[in-house]
Structure formats: C-alpha cells, structure tokens
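One structure below.
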Amino acid sequence: MSTPNPFHTPFPSLGQSKPLIPPLYQSSVFTLPDLDTLDLIMNAEEQGYIYARDGHPNGHYLAQQILEMENGSWAAICGSGMAAISAALLGIVQKGDRIVASSRLYGKTTQLLRDELTRFDVNTFFVDTSNNDEVEKALEEPTQVLFVETMSNPLLRVVDLPALGKLAKEKECALIVDNTFATPYLVKPLELGATMVIESLTKMMAGHSDVTLGVISGRGDLGMQMGTVVSTWGFSSNPFDCWLASRGLATFALRMRTASENAAGLANWLQEQPGVNKVIYPGLPDHPDYQLAKRLFNHNFGNMLCFELNGGRAAVNRFLHHCPDIPFSPSLGHITTTLSHPALTSHRYVSPAEKRRQGITEGLIRLSVGIEDRAHIQEAIAKGLA
Ligand SMILES: *Cc1c(COP(=O)(O)O)cnc(C)c1O
C-alpha cells in the first residue's frame with residue numbers, strides 16, 4: 001500500500017496565466033502562515049479565509065453577484081432557501097416577538113412559523129397580505145416582523161410592496177420578502193422598503209436544478225449579524241453549489257426574459273384551448289393583480305403560470321399520461337418546462353376548506369415555463385389536452 005507523498009506533489013503554479021472562469025475552492029479549511037495573520041483575519045483587518053462554514057471565496061463571489069442584482073449592501077449565502085428564511089428570522093426575533101405573515105406562504109415557511117418558532121414563544125398571525133387594510137389592522141398590535149412573498153404559490157397573487165414597506169416603516173417592524181417566484185429580474189424589494197429579501201437560488205436564479213442554495217440580502221448594518229447567524233447555526237453553503245450558482249447567474253437574465261416571454265405566449269394560447277377552464281397569469285388582464293404587477297415589475301410577468309382543467313383529478317391524470325414531454329416535477333425554475341399539481345404536492349397539507357378559499361382545485365396544474373421553443377411546449381401540451 002502506498003500513497004502519493006503530499007510533500008512531493010504541490011499544486012502546479014499558474015505562472016502568469018489566470019483561469020478565465022472563477023476558480024472553485026472546494027476546501028473546507030485554509031492554511032495560514034502564522035499567528036499574526038490569523039489575528040488580522042479574525043479581527044477583519046485583513047481579507048482571508050480560515051474555515052469554510054464561516055466563509056469561503058465561492059460564497060463571497062456569489063454574494064457579490066447577487067447584491068449587485070438586488071441593489072443591496074450585503075448578502076449572505078445559505079445552504080438552501082429554507083436556511084435563508086430561518087437565518088433571516090432567527091437573526092432578528094427575540095423570545096415573545098410577534099410576526100405577521102401572509103396566509104399563502106410556501107408550505108415549509110408556514111410550518112417554520114407555525115410549528116417551529118412557536119417553541120421559542122415567537123408567534124405568527126397569518127393574514128391576507130393582498131389586502132392592505134387587513135395587514136394594517138394586524139400591525140396595530142406591536143409586531144416585529146412582517147413576512148410576505150412577492151408572488152404567491154400557486155395563484156401568483158402579488159403584494160403591494162411599496163405600500164407594505166411604508167406600513168412596516170411606520171410601525172417600526174422589519175419587512176422580510178421572499179422574492180423566489182418574482183426574482184430580482186422582475187422586482188428588487190430592497191428598493192421598495194424591504195428590510196431583507198430572501199430567494200431560494202435552487203429555483204430560477206441558479207436555474208439548472210442541480211443546486212440547493214438560498215440567499216438573504218439587505219442594506220445597512222444587519223449584514224454582520226446575519227453572517228454570524230449563518231455560521232453559528234450552521235446555515236452555510238458549500239463551495240461547489242456556489243460555483244454552479246454563479247455560473248447559472250451568468251445566463252439568468254437571458255433565461256428569465258425568454259421564459260417569461262414563453263409564459264406570456266402560453267397564457268394567451270392556453271386560454272383558447274378546449275378543456276381549459278381558466279388560466280392564471282399576472283400578465284393577463286383578468287388576473288386580480290394585473291394592474292399591480294404591471295406597476296411593480298420591471299420587464300414582464302415571470303415564468304410561472306397555472307391552468308385549470310375541466311374534470312378535476314381524473315382529467316389531470318389523463319393529461320399527465322399524454323403529456324410525457326413536460327415532466328411532472330414538484331419544483332420550479334428549471335431550464336425546460338416542468339409541471340406540478342399544487343393540490344397534491346405543495347399544498348397537500350393545506351386544509352380542504354383553505355384550498356377551496358384560495359381556489360386550489362384538483363384540476364389545477366402549475367407550469368414552470370422554461371426556455372425551449374414555445375412551439376415545442378405547445379405541441380407537448382396540445383397532446384396532453386387532446
Ligand atoms: C422553494 C422555495 C423555498 C425554499 O427553498 P429551498 O431552496 O427549497 O429550501 C422558499 N420559498 C419559496 C417561494 C420557494 O419556492
């Protein structure tokens with residue numbers, strides 16, 4: 001048994017050449033020349049790295065890319081979207097605090113607020129955040145955090161971020177926005193009064209369904225605290241996922257533009273198809289938040305849309321069998337189009353009454369539209385509908 005002698009195989013010098021793409025530093029720990037250097041890095045007087053959970057170059061590179069997109073002053077990369085949400089909340093709440101949150105949040109976020117934070121006596125009051133009066137009424141009681149999603153899953157209800165930002169400021173309450181569905185391509189919540197914005201990079205931003213990551217960004221002095229929360233609670237990211245996400249971001253705007261154009265075209269086309277009851281897309285004039293979305297969103301209306309089939313669950317099953325080219329995959333933001341069934345996946349554990357109230361029926365299909373030729377997507381869907 002022999003192993004290469006590590007002292008004989010130093011990493012080759014690059015000489016004067018530099019890699020064209022950002023290198024991947026897949027190392028959980030770094031070496032230092034002496035104790036004085038350790039002190040300088042630990043005291044933040046000199047740039048450097050010690051232990052990857054506390055910070056690593058690929059994470060910092062990704063954070064720089066994102067805070068530019070968000071127009072923020074700091075960003076912290078976390079190991080998942082849920083890690084980012086947990087870090088954002090755990091970083092600012094105290095025992096006994098009150099949170100006001102949307103009643104249409106991502107399922108795991110609702111679970112976090114309802115079943116986990118309550119163990120620390122942090123209690124959440126859920127309201128319809130599309131109704132500003134209801135939010136204002138809820139904030140009459142002292143509240144420390146207002147938590148919303150820019151665009152809800154699956155029915156794409158949009159919240160009036162400028163109005164909520166103003167309200168939160170008046171009440172001296174932090175506004176945390178989950179911007180995963182809209183992404184900074186459509187809107188930058190930090191410009192509209194959000195204290196912190198989080199995104200699951202797992203979805204459209206990394207965009208290739210091969211990483212699990214999240215990000216929190218903000219302006220002002222919360223950055224240091226969030227860095228500490230991320231490394232102490234262990235919400236940290238790994239370098240390879242960050243490297244992949246940085247690569248994904250290079251095409252993010254192109255993908256969002258094409259996917260959103262596809263979604264808008266499909267929304268119109270689906271409205272004309274037999275067997276389709278209803279199409280839900282914020283870019284359609286009959287969507288309840290069409291005017292708001294038009295005012296809030298920069299470029300267009302995003303890549304997510306829903307349509308409802310006549311005939312409920314049985315019709316959806318028939319559709320799935322005859323539409324094999326669009327994978328049934330309960331996530332979103334892939335390069336190609338995928339579909340999901342909210343009633344049985346993301347909203348499986350939402351009560352039937354609440355599903356009825358929101359309009360999440362058994363016939364509802366959610367599409368995460370990709371960047372393929374729209375004709376190919378239409379052909380695949382037309383087979384399913386036939
Ligand atoms: C997916 C998602 C999350 C969670 O992100 P993960 O990376 O899966 O942990 C949070 N919020 C929304 C709106 C999401 O779609």
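Inter-part distance, region 75-94 to region 260-332, computed on C-alpha centroids, equals 31 Å.
All other residues whose Cβ lies under 9 angstrom from that of MET151 are scored, Lys and Arg at +1 and Asp and Glu at -1, for a net of -1.
Which value results when the Cα radius of gyration for region 163-281 is divided by 2.2 N^0.38 Å? Write down the numbers at each step before the final one.
Details: Rg = 17.7 Å, N = 119, 2.2 N^0.38 = 13.5 Å.
Output field value: 1.31.
With q set to 0.14, 0.27 Å⁻¹, the log10 of I(q)/I(0) for region 4-44, from the Debye formula over equal scatterers at the Cα positions, is -0.59, -1.01.
Along the chain, the longest continuous region that contains none of the chymotrypsin sites (Phe, Trp or Tyr not before Pro) in a DSSP loop with at most 15 other C-beta atoms within 10 Å is 31-348. Rounded to whole Å, the principal axis extents of the Cα atoms in region 309-386 read 39, 26, 16, largest first.
Would you mind giving the average projected area, over all directions, of the Cα convex hull of region 43-200 in nm² with one decimal? Write down the numbers at each step before the final one.
Numbers: hull surface 39.8 nm².
That works out to 9.9 nm², a quarter of the Cα hull's surface.
How many angstrom lie between the C-alpha centres of region 197-253 and region 32-66? Centre-to-centre distance over Cα atoms comes out at 17 Å. Helix screen, the chain: DSSP H segments with Cα axial length of 24 Å or more and mean Kyte-Doolittle hydropathy at least -1.0 are 252-271. Global size of the chain: 22.6, 74 Å for Rg and Dmax (C-alpha atoms, Rg to one decimal, Dmax whole).
Which GluC sites (Glu not before Pro) does region 210-308 hold that lie in a coil by DSSP with at most 13 other beta carbons within 10 Å?
Details: sites: GLU261, GLU272, GLU308; in loops: GLU272.
In loop regions of region 210-308 (DSSP not H, G, I, E or B), the sparsely surrounded GluC sites (Glu not before Pro) are GLU272.
A dipole drawn for region 81-224 from +1 and -1 charges on Cβ atoms has a positive end, and of LEU113, PRO154, LEU175 the residue lying farthest that way is PRO154.
Explain nothing, just the number: dipole magnitude of region 282-369 about its Cα centre with +1 on each Lys and Arg Cβ and -1 on each Asp and Glu Cβ, in debye rounded to the nearest 20. The partial results should precede the final answer.
Working: 9 positive and 6 negative charges, 37 e Å.
Charge dipole of region 282-369: 180 debye, to the nearest 20.
Find out how many positive minus negative residues lie around GLY265, taking Lys and Arg as positive, Asp and Glu as negative, among other residues whose Cβ is under 14 Å from that of GLY265. In short, -3.
Only lysine pairs 8 or more places apart, or on different chains, with alpha-carbon atoms under 20 angstrom apart are counted in the chain, and they number 13. By definition, a body whose alpha carbon gyration tensor gives a ≥ b ≥ c is rounded when a/c is under 1.5, and region 110-228 falls into this rounded group.
Under the convention that each Lys and Arg Cβ holds +1 and each Asp and Glu Cβ holds -1, the size of the dipole of the chain around its Cα centre is about 1100 debye. Between the residues ALA87, PRO274, LEU35, the greatest Cα displacement towards the positive end of the dipole of the chain, with unit charges on the Cβ of Lys, Arg, Asp and Glu, is found for PRO274. Taking region 247-320, how much of its Cα-Cα pair set, in percent, is spaced more than 22 angstrom apart? Beyond 22 Å sits 34 percent of the P(r) for region 247-320.
Read-outs: derived from the displayed coordinates by stated rules, not from any lab. Predicted model, so just to flag it, every value in this text is computed and none were measured. Positions of Cβ are generated from backbone atoms using ideal geometry, with glycine treated the same way; all protein chains shown enter the neighbour counts.
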